[in-house]
Amino acid sequence: MTGPGDSARAADLPGADLRIADQPRPERADAARNRRLLIDAAERLVREHGVAALSMEAVAEAAGVGVGTVYRRFGDLAGLAYALLDAQERVFQEEVLHGPPPVGPGAPPAERLHAFVHRYVERLDNHGELLTTAETMRYQAGAYRLQHLHLSTLISEIDSGLDAEYLAGAILETLAGRLFVHQNTDRGFSAERIKAGLDQLLRGITG
């Protein structure tokens with residue numbers, strides 16, 4: 001187990017072979033071009049018409065390819081949504097692994113736990129609909145595994161008597177895209193109110 005402030009160094013963590021944000025394996029040049037064509041078309045659809053307009057068929061039409069090409073590349077709509085989130089996911093994980101405290105290393109674990117949750121709520125506020133679309137892939141994604149590992153390590157540093165693995169998963173459930181969209185859109189809770197409520201929950205761990 002790492003010492004305080006070192007929790008996010010992936011090389012020091014159990015399961016350190018997890019790569020930042022599911023780094024893709026090297027692609028052939030033509031495959032990379034085709035992927036970029038589809039991503040550009042999907043980004044254009046979301047930018048011009050919103051996440052509700054995103055579908056495999058719409059992306060195929062916008063890119064000028066058959067819908068089978070889109071399915072072969074991304075599998076389903078959740079896979080496509082994850083691909084669209086890839087760049088900002090990498091930025092977020094870089095903040096956690098190597099960024100300034102308190103999100104990054106260098107702050108006490110309790111402070112980092114609160115900072116992680118606040119930063120994640122900000123992501124949800126900016127990308128909640130897309131994260132919700134991607135959610136069916138959530139538990140299979142390397143990004144989720146790395147987030148769970150990071151939180152469980154922080155919790156163990158705060159109190160080694162806590163069930164860190166369970167609590168890390170429970171915290172991540174409070175950051176599910178569907179829950180955020182319901183609270184923010186249907187219930188009218190602001191991102192700041194959600195952060196404050198989560199702080200109250202976390203104080204059961206951090207004191």
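A quick yes/no check of all residues on (1) free of Cβ contacts under 8 Å to residues at least 12 places away in the same chain; (2) within 29 Å of VAL51 (Cβ to Cβ); (3) surrounded by 15 or more Cβ atoms within 10 Å (Cβ to Cβ); (4) out of contact with any strand residue (DSSP E or B) (no Cβ under 6 Å at 6 or more places or on another chain):
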{"site": "THR133", "(1), (2), (3), (4)": "no, yes, yes, yes"}
{"site": "ARG138", "(1), (2), (3), (4)": "no, yes, yes, yes"}
{"site": "GLU157", "(1), (2), (3), (4)": "no, no, yes, yes"}
{"site": "ARG178", "(1), (2), (3), (4)": "no, yes, no, yes"}
{"site": "GLY188", "(1), (2), (3), (4)": "yes, yes, no, yes"}
{"site": "ARG193", "(1), (2), (3), (4)": "yes, yes, no, yes"}
{"site": "LEU198", "(1), (2), (3), (4)": "no, yes, yes, yes"}
{"site": "ILE205", "(1), (2), (3), (4)": "no, no, yes, yes"}
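Kindly evaluate ALA60 against the criterion of being touching a Ser or Thr at 6+ places or on another chain (Cβ under 8 Å), free of Cβ contacts under 8 Å to residues at least 40 places away in the same chain and more than 14 Å from ALA143 (Cα to Cα). If you could, list the steps in order and put the result at the bottom.
Numbers: touching a Ser or Thr at 6+ places or on another chain (Cβ under 8 Å): yes; free of Cβ contacts under 8 Å to residues at least 40 places away in the same chain: yes; more than 14 Å from ALA143 (Cα to Cα): yes.
Judged against the criteria, ALA60 is a match.
What pairs can you find where one residue is in region 35-47 and in contact (Cβ under 8 Å) with a residue 24 or more places away in the chain, the other is of a type in the set (Ser, Thr, Tyr) and part of a helix (DSSP H, G or I), and their Cβ atoms are less than 9 Å apart, with a gap of 6+ or different chains?
LEU38/THR69
For the list (1) outside any helix (DSSP H, G or I); (2) β-branched (Val, Ile, Thr); (3) modelled with pLDDT under 95, I need the number of the one condition that VAL103 fails.
Condition not satisfied by VAL103: (3).
With respect to VAL65, is the statement that it is under 17 Å from GLU129 (Cβ atoms), hydrophobic (A, V, I, L, M, F, W, C) and surrounded by 11 or more Cβ atoms within 10 Å (Cβ to Cβ) true?
Working: under 17 Å from GLU129 (Cβ atoms): no; hydrophobic (A, V, I, L, M, F, W, C): yes; surrounded by 11 or more Cβ atoms within 10 Å (Cβ to Cβ): yes.
No, not satisfied.
Small (Gly, Ala, Ser), surrounded by 11 or more Cβ atoms within 10 Å (Cβ to Cβ), modelled with pLDDT of 50 or more and in a helix (DSSP H, G or I): does that describe ALA52? Explain how you work it out, then say what you get.
Details: small (Gly, Ala, Ser): yes; surrounded by 11 or more Cβ atoms within 10 Å (Cβ to Cβ): no; modelled with pLDDT of 50 or more: yes; in a helix (DSSP H, G or I): yes.
So ALA52 does not fit the description; no.
Quick one: ALA53 ticks every box in (1) in contact (Cβ under 8 Å) with a residue 40 or more places away in the chain; (2) under 28 Å from ALA32 (Cβ atoms) except a single one, so which number is it?
(1)
The values are calculated or read from the model by the stated rules, or taken from the named source; none is laboratory data. These numbers come from a predicted model, not from an experiment. With ideal geometry, Cβ positions are generated from the backbone for all residues, glycine too; neighbour counts draw on all protein chains shown.
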